[in-house]
Amino acid sequence: ATYTVPARSITLSPTSGGRGSAITVRGTGFGAGLTVTFNYGPTGTSADPVIPGVSATADSAGAFTAVITVPAGAPIPSTNFVRASDGVVAATAVHTVPDATVSLSASSGAPGTSLTVSGSGFAPFSQVRIAFGAPPGEQGATEIPLLPAVITDATGSFSASVTVPGLAPGVTPVFVLAGDLDGVGGVAPADARSALFTITARPTTIADLIAPIRAQITRGTAIWTWDPGRQEWLFFDPADPAGSTLRELVRGQGYWIRVDADTTWTVAGNTYTLRRGWNLIGWLGP
């Protein structure tokens, strides 16, 4: 009779995962009854760090199954080897730690709008820092205070809501720093990851439009207009924009505006001569 000795090998499931994630290791062709130990690292040799507290015993056919954990110090990203050895023979298989990633709830927005920043694959249980323009703490960075503090979970994931800062319109990177990724010790700018975001111009508000004559408006409601569609009067109070019902000035619409002194009001090349008290104007834009 012929007996075929199984080839010595190990398989991993999954073959990729972050720090602290579990890997199921299955092996064949090892010494029956021998204790199998494991290493995880970049060389695939016994020089790689030993996985502590985990071992398996090969059965009579030389097979085993064990579950190991990706070490907390594995660089992000990195390609590593799982090595299984029974003290006589060994086998290796490749395992990768994926890079950390940043995602944004929107690709663009104006200053003052809300943006959700999410991340995965960062160092577990690490404080999150977020900045626009450059990594947190670096020159050119506009760091966003996170209160209460945001901490990554056991898988290195997080989600945080921030307000887009008042930066000039244009494309800017949003950086996230959350723990030591390269495994060399300490948290450095090289550990930051980013996603691109386009800051758009903030929409012009009525408060912006009346800014040149704001000093002549000191007694509450300053603008009224009749909305024929809604069949109601709309008003704007510069002291309470949020509570005002008038949200924009529409080209061609008539408006009553009150000032405390004679003045001229120039907007987008159009000049309105206003007398003390109430004035009816036709809005020419923008």
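Computed quantities for the displayed model
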quantity	calculated
Theoretical gain in end-to-end length, T163 to R230 [0.36 nm per residue, Cα-Cα removed]	20.8 nm
Which of V128, L104, S244, positive extreme of dipole for the chain (C-beta unit charges)	S244
Cut-off 14 Å between beta-carbons: net charge of the residues surrounding G41, Lys and Arg +1, Asp and Glu -1	+1
Cβ-based net charge around G183, under 12 Å, with every Lys or Arg adding one and every Asp or Glu removing one	-2
Rounded Å value of the spacing that divides the Cα centres of region 160-188 and region 69-98	30
Proxy reagent accessibility, fewest Cβ within 10 Å first, across F122, F235, F132	F235, F132, F122
Antiparallel %, DSSP beta bridges [both residues in the chain], to 5	95
Amide H within-cut-off set for E143, under 5 Å, with H built and near neighbours excluded	F132
Relative contact order for the chain, counting Cα pairs under 8 Å that sit 6 or more residues apart, in percent	12
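Coordinate-derived values only; no laboratory data. Small disclaimer: the values here were computed from a predicted structure and weren't measured. Every residue, glycine among them, receives a Cβ derived from its backbone with ideal geometry; neighbour counts consider all protein chains shown.
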